[in-house]
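Asker: Okay, here's the structure, questions in a sec.
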Amino acid sequence: MDYLLHIAILSSIYSLAVLGQNYASGYTGLISINHGAFMGIGAYAGAILLKWYGVPFPVAFLAAGAATGLAAWLLSFPLLKLKGDSFVLVSFGFSFIAFNLFLNWRGLTNGALGLKAIPGPELVNLLDNTKIIFLAILLALILITLWGLHKILQSSYGVVIRATRENQKVTQIAGHCTDSYRRSVFVLSGVITGIAGLFLASYISTIDPTLFNYHLSVLLLIMAILGGLASLKGSIAGATLLIVLPELLRFLGLPNSILAESQQISYGLILILLMYYRPVGLFGTYKI
Amino acid sequence: MKKFLLPLLVLSLAACSGGEQGESDVIKIGYIGPMTGDAGSYGHDTKKGIDLYFQEHPTIQGKKVELIYEDAICNSQSAASAATKLVNIDQVKVIIGGQCSSETLGAAPVTEQHKVILISPVSSSPEVRDAGDYVFRMYPSDAIVGQTLAEEALKYERIAIITESTDYAEAYHDSVLHYLVQAQEVTPVVDEIVQPNTADFKTILQKVQNAKADVLLSIMQTPVKSGILVKQAAELGITAQIYGTDTLAGDDFEQHAKNAAKGVKMVIVAEDDSRAEVKEFKKVFGNFQAPVIFSLKSYDAAHVLADAIEAVGYDSDAIKQWLYDMPGREGLGGPIEFDEYGENNSQAGSVKVGVEDPATGRIVFELLREEP
Amino acid sequence: MQIILNGLIVGSAYALMGIGFSLIYSTVRYFNLAYGMVAVIGAYVAYTLMNSWSLNYVIAMLAGALVAVLIGMLSSSILFKPMVRRGGSSLVILVASFGLLIILQNISALIWQNTTRALSISDRILPGYNLFGLIITPNQLMIGAVALLMMLILELFLKKTRYGMAIRAIGDNQELTKVLGLKTEQIILAVYVIGTFISAISATLIALEIGIRPTHGVTLVIKAIIAAIIGGLGSIRGALLGGLLLGVAENLGIYFLGGQWQDTVAFTLLAVFLLVRPEGLFAKKRLVSVN
Amino acid sequence: MLQLYQVHLSLGGLKILQQLSLEIQEGKITGLIGPNGAGKSTVFNVVTGLIPFASGSVKLRGQEILGASPDQVSRLGLMRTFQDSVILSQITVLENLISASPLLRDISLAQVFFRSAQTRQRKAEAGAKALELLGRVGLEGKANSLAKELSYGQTKLVEILKVMMSEAELIFLDEPFSGLYPEMIKVIQSLIYELVKKGKTIVLVEHNMKLIEEVCDRVIVLDFGEKIAEGTFAEVRKNKKVIEAYLGN
């Protein structure tokens, strides 16, 4: 039973992160491979406050969102000047820079040693089995995010950001300052992903920089594309599938030596087949 | 929403059917380690050490031993997943595991919560010390071994240190620096950090050259990094005496360093080659991908665990108490005695030096005979 | 000064990667991230040839490059060309090429394990030569010499031969060349051959210094992209200068800021260029394109 | 309404616009004609801010707009169509239209959540107007299908409807009739007349001389980025330089 809860919690954390990723990449065309870094920033901001300053969880929650939002806001200035391929590549570059910062800013992040024993939300200890409450909080958070994103995307704001996704120049000609829309989308998507990072940190209670290197950013993008760009339930489906799939592989008893490599090769294959046959993914409505 | 519940349901069916084995006929022991990825060679050797023990002693209290291996790719999140699976699905009470310190630290919260013994053969980071009272480890903490390296370095005037920014190397570096600066008020002339993935040391070695250091400590995560460092140092004609740590030896090191490895020293928790059973173990084991000590320690971990279960049965609290009270004993990998933190610090590091083996012309590391 | 020399040597290898990348990009107009991994496989093949058949380094390097060319052409005709024909946008192809990178990386991890394989010119480690105070190691000599040679050959090829001019023409305007009846299919294949050949050579050169690992595929393609973008996408001279600049900047960063900031320096250099001069050093300014 | 004074644009030695000065009177339809490559579309791109590196002065109702960003120019009441009719393909036709409506401008996240009734109401209003326009041209059936499913002619039509949605005062039409068969041209012509009836000013770039004669009050002729003639279609038709420019120099 605990194992199921464990997988459900991991799936919800990644679903939340992929919702953030999809809000930027699927709905606004900002195909960014750096949301893994945002998860890292949220995780470290929250973990440092929780562990060393013993702040209550809600304060760390706000701090994680604020720190990631600020990072997204700062990054948006160089990034939003770019379009298409160069945008993707520079965002990929940022995930390397962020990884280096986590690794080398020893004073703040304790470097490669990582942070240990990060406390979880206080509510969790009401029941002896802490996982149930943890999952409840996460599901509530996902529902709120879904409601919020749905409301935004159905509103005229949603129409404008999808218009900027299609063609920035035409939307500017129609009288919208596309850069300010793209910036606010990028910041909000960063905040959502950062908060998912905080929950990951407080759930597995020990983090180190290798958790947030470029592999995570690539995984989040694959989840968004597999689930379907510009689709909220697609984001959740994509995240859950790519969390449950590797755990299932544990039961198949593949010879361990080729387990991780074959898992990675299947990711690569998924990507190619998707891009070839069904770029919109499972539930997507937008083809990059 | 209902679409993604389906896979979860399927999973639970698979899970429940496997779980309900009674106390009866099998003793299950879990294993968590890096089967693949960069640290794959460590996982391979420690797994083989455990297999070797249970091939020789297949049963405990007359019951068959079942080993369940889980890959954690040297990553705390997968270690947590592996531990959760072992504890909840396979309902193991004992896990040998966490080779990389990040794995042990990732699995510890799960095993602590379910009161499952976690005994790690080779995690050496000082952070593991207070990871939990069900957590034990066979390998002395870097804080102890680091001291031996620092003492060796103090024989020289101008000390240079190059460290790779990984969990093992940085922890080791901190204990060496701590001992040098606090205990001996000696500050190194060069103290540089390098990135984990690239390995071009020439520019940093230039700093070592300019600082005219006469001893260079190479604290790296994998043998290959030290190998490249030694090669480039030789090319730049650096005369400083190079010291490595226990991760220096390994066939990767030899491939890169080749003849430049002559005279390179390293501080390692060494097995005593002279003992007959160690030689016998090496013969049976075959070729080593990682330092020999790693497989010896995992063999010892299996041995200690088997004795504990034999003595007090398959109950984690009883095993925990037995391990704490266990009198000191001599394992293949060296003396074993657990202090109140579950640490086995009864073994200091010893120094080995690279000497040219006349027969093969290859460089082999032997214990420095004359004690300093 | 020694630092700048180190930087120029490594930079020449980055430049080679960047030139190959820029050449391919200027004709096919999409980013192929698997480019770096194909090059590393070339280095692995060279390694295997040297160890199992004890070929000498240069021959093994060339053979390895030929194998890489084969893989490059295969990937282009099996994966990328059909996708272009189906109207896949450059982003779709970028993501698919990332999938190919992951596959090739893990296949080479299965074949050659996840350790770092050593590649060296001689069995013994020879101390470097001392040229008026600057130390240059045998590896550096080999890298610099071969890189220079490759650049000269390429320059001659592009300037003098018919194919060379066609490639430069297609670089400037794809539709124009279709109109002129030049067979673009053949030219794209030729560019893939040249680009991949150069990249495999450069990967085998870099391997002398840092060995071969499956994860180098990603780092090499990133260095190639940075060199190409700084120099101005599609311009060969730009990629050359971009590569050298990248090599020197990285080494200066290592010396003054510390080794751990190497990647950060590389990416900050890229970000600065994209802010100050997005079209790079040599590319031409283009009129606005609406879509 | 719109004055261009000494507007000059050169790119790498190639002179695209040479000291161009011209004036567009309010409430009239002005034709902008000239052989291919005369710089007609470039004038549109410079005025609407898509090309920022031109020199000289461009005044809209006396206010300098050279160098302003496309959305700032658009907010001053200027809207355009594109020569190769760029449509927002992966959103619905209705969304294409309402994205051009001033009612959807400057919506912030705060307004979406805290004044959601007001934003919903403005979106509904824009939606209603869009449906009404689509109804007039018989396209209301396509309202909720993706814009990429429209035919070439329908896309051209939707672009004109977008201009009407924007309630812009000054409208640039870049070859609205090219590649269409007669009935579709009639429909677009009626829409243009409707715009003029509402007092809009229109600048039309078109190659079909019969339409120019029929539709435009005044005509300006460009050749190699220079103004070579101006006046009514009849006057311009007789001008020697114009004939020379068209019939080949």
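The values are calculated or read from the model by the stated rules, or taken from the named source; none is laboratory data. Bear in mind that the values here come from a model prediction, so they are computed numbers and not experimental data. Counting neighbours? That spans all protein chains shown, and the Cβs are built from the backbone with ideal geometry, glycine included. Each accessible area value is taken on the protein alone, full model and side chains, heavy atoms only, with ligands, DNA and RNA left out. Shrake-Rupley method; radii C 1.70, N 1.55, O 1.52, S 1.80 Å.
Asker: Taking B:Gln182 and the conditions (1) away from chain C (no Cβ under 12 Å); (2) within 26 Å of C:Ala249 (Cβ to Cβ); (3) at pLDDT below 85, which numbered condition does it fall short on, given that it satisfies the others?
Answerer: Here B:Gln182 meets the rest and fails (2).
Yes/no matrix, rows are residues, columns are (1) assigned to a helix (DSSP H, G or I); (2) touching a residue at least 60 places away in the same chain (Cβ under 8 Å); (3) in contact with a helix residue (DSSP H, G or I) (Cβ under 6 Å, 6 or more places away or on another chain); (4) open to solvent by less than 50 Å² (accessible area, probe 1.4 Å):
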| residue | (1), (2), (3), (4) |
| --- | --- |
| A:Ala60 | yes, yes, yes, yes |
| A:Asn100 | yes, no, yes, yes |
| A:Ala112 | yes, yes, yes, yes |
| A:Gly120 | no, yes, yes, yes |
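Asker: Quick one: would you say B:Phe253 is open to solvent by less than 30 Å² (accessible area, probe 1.4 Å) and either more than 14 Å from every other protein chain (Cβ to nearest Cβ) or free of Cβ contacts under 8 Å to residues at least 24 places away in the same chain (or both)?
Answerer: no
Asker: Kindly provide the set of residues from the stretch B:64-94 that are touching a residue at least 60 places away in the same chain (Cβ under 8 Å) and among the charged types (D, E, K, R), ordered by number.
Answerer: Correct list: B:Asp90, B:Lys93.
Asker: I would also like to ask the following. Select from the stretch B:283-310 the residues that are open to solvent by 60 Å² or more (accessible area, probe 1.4 Å), out of contact with any strand residue (DSSP E or B) (no Cβ under 8 Å at 6 or more places or on another chain) and in a helix (DSSP H, G or I) and list them in ascending order.
Answerer: Across the stretch B:283-310, the qualifying residues are B:Lys283, B:Val284.
Asker: I would also like to ask the following. Of the conditions (1) within 10 Å of another protein chain (Cβ to nearest Cβ); (2) in a helix (DSSP H, G or I); (3) not aromatic (Phe, Trp, Tyr), C:Leu233 satisfies every one except a single condition; which number is it?
Answerer: Going through the list (1) within 10 Å of another protein chain (Cβ to nearest Cβ); (2) in a helix (DSSP H, G or I); (3) not aromatic (Phe, Trp, Tyr), C:Leu233 breaks only (2).
Asker: B:Leu118: surrounded by 24 or more Cβ atoms within 10 Å (Cβ to Cβ), on the phi < 0 side of the Ramachandran plot and in the same structural domain as B:Ala306 (by TED's automatic domain parsing), yes or no?
Answerer: Criteria met by B:Leu118.
Asker: For the stretch D:73-139, list the helices (runs of 4 or more DSSP H) that sit wholly inside it and hold at least 3 residues that are within 22 Å of the chain's Cα centre (by Cα) and buried (at least 20 other Cβ atoms within 10 Å of the Cβ); which are they?
Answerer: D:93-98, D:116-136
Asker: I would also like to ask the following. Of the conditions (1) open to solvent by less than 30 Å² (accessible area, probe 1.4 Å); (2) within 10 Å of another protein chain (Cβ to nearest Cβ); (3) out of contact with any Pro (no Cβ under 9 Å at 6 or more places or on another chain); (4) at pLDDT 85 or above, A:Thr240 fails just one. Which one is it?
Answerer: (3) is the only condition that A:Thr240 fails.
Asker: Here is a follow-up. Of (1) of a type in the set (Lys, Arg); (2) assigned to a helix (DSSP H, G or I); (3) more than 7 Å from every other protein chain (Cβ to nearest Cβ), B:Lys231 satisfies all except one. Which?
Answerer: The one condition B:Lys231 does not meet is (3).
Asker: Of the residues A:Leu211, A:Leu245, which single one is more than 14 Å from chain C (Cβ to nearest Cβ), of a type in the set (A, V, I, L, M), touching a residue at least 60 places away in the same chain (Cβ under 8 Å) and assigned to a helix (DSSP H, G or I)?
Answerer: Residue meeting the stated conditions: A:Leu211.
Asker: Could you please tell me which pairs satisfy a Cβ distance under 7 Å, a separation of 6+ or placement on different chains, a first residue in the stretch B:267-278 that is within 26 Å of B:Ile242 (Cβ to Cβ), and a second residue that is assigned to a loop (DSSP other than H, G, I, E, B) and polar (S, T, N, Q)?
Answerer: Short answer, once both residue conditions are applied: B:Val267/B:Thr245; B:Val269/B:Gln347.
Asker: Now a separate question. What strands (runs of 3 or more DSSP E) lie completely within the stretch B:73-171 and have 1 or more residues being modelled with pLDDT of 85 or more and within 13 Å of chain A (Cβ to nearest Cβ)?
Answerer: Output list reads B:135-137, B:159-164.
Asker: For the stretch A:173-181, state whether one or more residues are within 14 Å of chain D (Cβ to nearest Cβ), touching a His at 6+ places or on another chain (Cβ under 9 Å) and not charged (D, E, K, R).
Answerer: Looking for residues that are within 14 Å of chain D (Cβ to nearest Cβ), touching a His at 6+ places or on another chain (Cβ under 9 Å) and not charged (D, E, K, R), one finds none in the stretch A:173-181, hence no.
Asker: Please find, among C:Leu55, C:Leu70, the residue that is more than 11 Å from chain A (Cβ to nearest Cβ), at pLDDT 90 or above, open to solvent by 40 Å² or more (accessible area, probe 1.4 Å) and on the phi < 0 side of the Ramachandran plot.
Answerer: None of the others qualify; the one that does is C:Leu70.
Asker: Of all residues in the stretch C:122-147, count the ones that are assigned to a helix (DSSP H, G or I) and touching a residue at least 24 places away in the same chain (Cβ under 8 Å).
Answerer: 7
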